[in-house]
Amino acid sequence: MSELPPITYTLEYPYTRTTGPVVGAFLTALRDGRILGSRCGDRVICPPLEFDPDTAEPVAQDLVEVGPGGTVKSWTWIAEPTRKHPFQQPFAFALIVLDGADTALSHAVKARGIDAMSTGMRVRAQWREERASAVTDVYFVPEADAVDTYVPPGEGEVELTEHLISLDFKEAIHPFRERFARGLIAGKFIGQKSPVSGKVYIPSKGYDPLARVAMTEADDVELPPVGIVAGYTVITPVQYYGQKETEPYIRASILLDGADQPLGQQDIKNIPHDEFRSGMRLRAVFRPESERKIVEMDNRWGSTGGVIDHWEPTGEPDAPPEKYLEHLF
Amino acid sequence: MAERCGIVGIGQTKHDSKRLDVSMVGLVREAALRALEDAELTWKDIDAVVIGKAPDLFEGVMMPELYLADALGGAYKPMLRVHTAGSVGGSTGIVAASLVEAGVHDRVLAVAFEKQSESNAMWALSIAMPFSVATVAGAGGFFAPLIRGYMRRSGAPEDTGIRVAVKDRLNALKNPYAHLHMEDISFDLVAASPMLWDPVRYLETCPSSDGACAMVFASEKLAEQTQTPPAWVHATAMRSEPTMFSGRDQVMPQASLDNAKALYKQAGITNPRKEIDCAEMYVPFSWFEPMWCEGMLFAEPNEGWKMTYEGATALDGDLPVNMSGGVLSSNPIGASGLLRFAEAALQVRGQAGEHQVDGARKALGHAYGGGSQYFSTWIVSSDKP
């Protein structure tokens, strides 16, 4: 049997930030080639804060210019940058106290090598050609490498910024989940029967959540591809980021015969919405074996979308409510 | 509880779909300053700060309590973050009250917030990710089948939810802080709104809001010094249960019933319907009013809808519910639970303005979250416990 694909996720969404008066002024100036700090009592804080950490009072609204030169207070070398780092070549992250400021700014220093970095060294801000009203509009270099360039001012004040934030990660899959996934690819529903309560869970989490005992391969049971609609909703899709559906669709929980917990969030597809109802008996129609793939599988919920093509009515009489009312989901 | 705890300051922002006039720190600050002002206190009078909000994924700020510390006078003070999904606002109030009741601190500031416009909770609740269900449907897609289950089990008239939606929006018109002010709200308008998550209509769901809520808690001696008498915390309770297990009653979770019993026992309440003057409960979809009327033991099983239907839960009913307009009128998720708790306190302090229930002396604040699995509640009163 072929290996299951690794269980990987990408969380990604465009976020916005309302900058407020202080950070907005800071980002506007940064875009236009100047670095600003806020005055808090006798101190100048850069990057500026809206509120003085000592008194919790608002900082003075007239920010003061600092830099573009500064002194490195501490640093670390990034020998192997990831795709999200500010440079794709080795560089340093440094705490930089800009001239005129009393606190350090954490930022990137583009140095020729680790030997070019030292605590106490002088650095100078450089502006990127393409600026996005973000703190990454600027970076630092050792003073000797600095080149002064003209930074043409942008238009308007920065009040709202946009950030596409994403996170990739992988997870090792639980042995039971792997057997569940392999079962799906073979066209079978594999659940687990608790040796304590006798309750049948599908997909199981590998333990009986009430008795809190682990279940093993010996507790695996195969369930038929037939069950009843325990609960459902018809969703009119809202076009938020990542939504692929455009027309109203059904999401149903289906209690397979012999199971004590329904399969949640099943995509129904071919049944007219006005004919769909709780208690209806359905049969799973698997995709052709060569097209079955495991998608969005994890250790908690388990997805069947890449394996089951759709659900079709069996034509049997509906199940009475007492069979499914405790199994909504 | 060892020490008595009084609520001496209450503040909230104007809730709106997009508060583009303030940053995240500006938003929490607005609520916190109003609470301090109400308490006639300043930042230096506060011993500790408790911050609550829903998952970090909602705005994409990891551990926002660190970033918010400066704006909340939190530097060099104990600061705690609370997170219990949608019930977090309630839990935040309970943690703050517990710090005073335990004698750890004399004055605690609790702040809860959400700036939903900076992201999209619908997405955050829909994507395939650990610890969450890939519904591709948002919270409504999750709760709609439970509502359908309640409708079938109770035999409630199909327009019960519409009546709740109208009542709460009418109450919101009396609350200047509410997000939705729908002057034209009517039964027909709600009934004609699109079916978003069948059987839940668009106008039977909560909005997405930017907003924050803050409260100041004080020990007995300090609470007695305030000009406006405090709201005394009589009882607090939290209960939870797993999202899925065989035999789980998701329509009326055991955790809700256990929570209610524990709360009333602590408060010495034997007949909640009679002894509680008003209740502010977490109703993000209209049908949850009758469901939680049962979940909080105000009504017999499957009869909560009668309270809605007979007008008992209206502002002039015998047990007004969601006097502020509720979650259906303002939903900055992380703050929503604390707003419920705050409304209960406003009522017993006589500070609720146009939505004040005459003579309210004992009130319930209620929040729930996750897949109907986390519950936080409290009873506050104008009388000392």
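For segment B:48-74, how many residues are part of a loop (DSSP other than H, G, I, E, B) and surrounded by 17 or more Cβ atoms within 10 Å (Cβ to Cβ)?
Initial filter on segment B:48-74 (part of a loop (DSSP other than H, G, I, E, B)): B:53-55, B:59-63, B:69, B:73-74.
Now restrict to residues that are surrounded by 17 or more Cβ atoms within 10 Å (Cβ to Cβ): B:53-55, B:59-61, B:69, B:73-74.
Going through segment B:48-74 one residue at a time, the tally reaches 9.
Has segment B:182-197 got at least one residue that is buried (at least 18 other Cβ atoms within 10 Å of the Cβ), β-branched (Val, Ile, Thr), in a loop (DSSP other than H, G, I, E, B) and more than 14 Å from chain A (Cβ to nearest Cβ)? Quick ask: steps written out before the conclusion?
Of all residues in segment B:182-197, those buried (at least 18 other Cβ atoms within 10 Å of the Cβ) come to B:182, B:185, B:190, B:196-197.
Cutting the leftovers down to β-branched (Val, Ile, Thr) gives us B:185, B:190.
Going one step further and asking which of them are in a loop (DSSP other than H, G, I, E, B), we end up with B:185.
Those left that are additionally more than 14 Å from chain A (Cβ to nearest Cβ): B:185.
The answer is yes, given that some residue of segment B:182-197 is buried (at least 18 other Cβ atoms within 10 Å of the Cβ), β-branched (Val, Ile, Thr), in a loop (DSSP other than H, G, I, E, B) and more than 14 Å from chain A (Cβ to nearest Cβ).
Taking the residues in segment B:1-22 that are polar (S, T, N, Q) and buried (at least 23 other Cβ atoms within 10 Å of the Cβ) as candidates, determine which candidate is farthest from the chain's Cα centre (by Cα). Before you say what the answer is, go through the steps one by one.
Initially, segment B:1-22 is screened for residues polar (S, T, N, Q), giving B:12-13, B:17.
Remaining after also requiring buried (at least 23 other Cβ atoms within 10 Å of the Cβ): B:12-13.
On the way: B:GLN12: 13, B:THR13: 15 Å.
Filtering segment B:1-22 for residues that are polar (S, T, N, Q) and buried (at least 23 other Cβ atoms within 10 Å of the Cβ), the one farthest from the chain's Cα centre (by Cα) comes out as B:THR13.
Quick test for you: out of B:ASP38, B:ASP45, pick the one residue that is under 25 Å from B:GLU3 (Cα atoms) and surrounded by fewer than 20 Cβ atoms within 10 Å (Cβ to Cβ). Step through it out loud before you land on a result.
Working: B:ASP38 fails: surrounded by fewer than 20 Cβ atoms within 10 Å (Cβ to Cβ).
Being under 25 Å from B:GLU3 (Cα atoms) and surrounded by fewer than 20 Cβ atoms within 10 Å (Cβ to Cβ) holds for just one of B:ASP38, B:ASP45, which is B:ASP45.
What is the number of the single condition among (1) within 20 Å of the chain's Cα centre (by Cα); (2) buried (at least 22 other Cβ atoms within 10 Å of the Cβ); (3) without any contact (Cβ under 8 Å) to a residue 24 or more places away in the chain that B:VAL251 does not meet?
Only one criterion is unmet by B:VAL251, namely (3).
Just the residues that are more than 19 Å from B:VAL166 (Cβ to Cβ) and touching a residue at least 24 places away in the same chain (Cβ under 8 Å), please, taken from segment B:293-317.
Just the residues of segment B:293-317 that are more than 19 Å from B:VAL166 (Cβ to Cβ), to begin with: B:294-303.
Hits for segment B:293-317 are B:GLU294, B:GLY295, B:MET296, B:LEU297, B:PHE298, B:ALA299, B:PRO301, B:ASN302, B:GLU303.
Evaluate the following for A:SER253: is it polar (S, T, N, Q) and over 32 Å from the mean Cα position of the chain (by Cα)? Outline the logic, then answer.
Numbers: polar (S, T, N, Q): yes; over 32 Å from the mean Cα position of the chain (by Cα): no.
The answer is no for A:SER253.
Looking at (1) under 30 Å from B:GLU65 (Cα atoms); (2) within 14 Å of chain A (Cβ to nearest Cβ); (3) of a type in the set (Lys, Arg), which is the only condition B:ARG248 fails?
The number of the failed condition is (1).
Would you pick out the residues in segment B:86-104 that are surrounded by fewer than 20 Cβ atoms within 10 Å (Cβ to Cβ) and either assigned to a loop (DSSP other than H, G, I, E, B) or touching a helix residue (DSSP H, G or I) at 6+ places or on another chain (Cβ under 7 Å) (or both)?
B:ALA102, B:GLY103, B:VAL104
Of all residues in segment B:358-385, count the ones that are touching a residue at least 60 places away in the same chain (Cβ under 8 Å), acidic (Asp, Glu) and out of contact with any His (no Cβ under 9 Å at 6 or more places or on another chain). Give the derivation first.
Residues of segment B:358-385 that are touching a residue at least 60 places away in the same chain (Cβ under 8 Å), as a first pass: B:359-385.
If we keep only those that are acidic (Asp, Glu) as well, we get B:383.
Imposing the further condition that a residue be out of contact with any His (no Cβ under 9 Å at 6 or more places or on another chain) reduces the set to none.
Of the residues in that region, 0 qualify.
Being part of a loop (DSSP other than H, G, I, E, B), at pLDDT 90 or above and touching a helix residue (DSSP H, G or I) at 6+ places or on another chain (Cβ under 8 Å) is the filter here; which residues of segment B:121-176 pass it? It would help to see each step written out before you state the result.
Our first condition is that a residue be part of a loop (DSSP other than H, G, I, E, B); within segment B:121-176, this holds for B:125-137, B:155-159, B:173-176.
When the remaining residues are screened for being at pLDDT 90 or above, the result is B:155-159, B:173-176.
The answer is B:ALA156, B:PRO157, B:GLU158, B:ASP159, B:LYS174, B:ASN175, B:PRO176.
Would you please list the contacts, defined by Cβ atoms under 6 Å and residues six or more apart or on different chains, that run from a residue in segment A:134-152 that is without any contact (Cβ under 8 Å) to a residue 40 or more places away in the chain to a residue that is polar (S, T, N, Q)?
Listed pairs, sorted by first residue: A:VAL141/A:GLN126.
How about segment B:352-374: which of its residues are under 12 Å from the mean Cα position of the chain (by Cα) and closer than 21 Å to B:THR313 by Cα? Walk me through how you get there before you give the answer.
Going residue by residue through segment B:352-374, those that are under 12 Å from the mean Cα position of the chain (by Cα) are B:364-369.
Selection gives B:LEU364, B:GLY365, B:HIS366, B:ALA367, B:TYR368.
Here's the yes/no breakdown for (1) loosely packed, with under 15 Cβ neighbours inside 10 Å; (2) in the same structural domain as A:LEU27 (by TED's automatic domain parsing); (3) of a type in the set (Phe, Trp, Tyr):
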site	(1), (2), (3)
A:ASP145	no, yes, no
A:THR149	yes, yes, no
A:VAL158	no, yes, no
A:ARG179	no, no, no
A:PHE189	no, no, yes
A:GLN192	no, no, no
A:LYS205	no, no, no
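Give just the number: which of (1) modelled with pLDDT under 90; (2) surrounded by fewer than 18 Cβ atoms within 10 Å (Cβ to Cβ) does A:ILE294 not satisfy?
(2)
When the residues of segment A:260-275 are narrowed to those that are acidic (Asp, Glu) and out of contact with any helix residue (DSSP H, G or I) (no Cβ under 9 Å at 6 or more places or on another chain), which ends up farthest from the other protein chains (Cβ to nearest Cβ)? Give the steps one after another, and end with the answer.
Looking only at segment A:260-275, we keep the residues that are acidic (Asp, Glu), and these are A:260, A:267, A:274-275.
Okay, now just the ones that are also out of contact with any helix residue (DSSP H, G or I) (no Cβ under 9 Å at 6 or more places or on another chain), so A:267, A:274-275.
Details: A:ASP267: 9, A:ASP274: 10, A:GLU275: 13 Å.
Ranking the candidates gives A:GLU275 first.
Looking at (1) in a helix (DSSP H, G or I); (2) of a type outside the set (Lys, Arg); (3) within 15 Å of B:ILE276 (Cα to Cα), find the lone condition where B:VAL380 falls short.
(1)
Would you confirm whether or not segment A:4-23 contains a residue that is in contact with a helix residue (DSSP H, G or I) (Cβ under 7 Å, 6 or more places away or on another chain), facing chain B (nearest Cβ under 9 Å) and part of a helix (DSSP H, G or I)?
Yes, because at least one residue in segment A:4-23 is in contact with a helix residue (DSSP H, G or I) (Cβ under 7 Å, 6 or more places away or on another chain), facing chain B (nearest Cβ under 9 Å) and part of a helix (DSSP H, G or I).
A:ARG300: farther than 16 Å from B:MET244 by Cα and either within 14 Å of another protein chain (Cβ to nearest Cβ) or modelled with pLDDT of 85 or more (or both), yes or no? Steps first, answer last, please.
Details: farther than 16 Å from B:MET244 by Cα: no; either within 14 Å of another protein chain (Cβ to nearest Cβ) or modelled with pLDDT of 85 or more (or both): yes.
Answer is no for this residue.
Results for (1) away from chain A (no Cβ under 14 Å); (2) within 19 Å of the chain's Cα centre (by Cα); (3) not aromatic (Phe, Trp, Tyr), shown as yes or no for each residue.
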{"residue": "B:ALA54", "(1), (2), (3)": "yes, yes, yes"}
{"residue": "B:GLY60", "(1), (2), (3)": "no, no, yes"}
{"residue": "B:LEU80", "(1), (2), (3)": "yes, no, yes"}
{"residue": "B:PHE113", "(1), (2), (3)": "no, yes, no"}
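The values are calculated or read from the model by the stated rules, or taken from the named source; none is laboratory data. Note that this is a predicted model, so its numbers are computed, not measured. Positions of Cβ are backbone-derived with ideal geometry, glycine not excepted, and every protein chain shown enters the neighbour counts.
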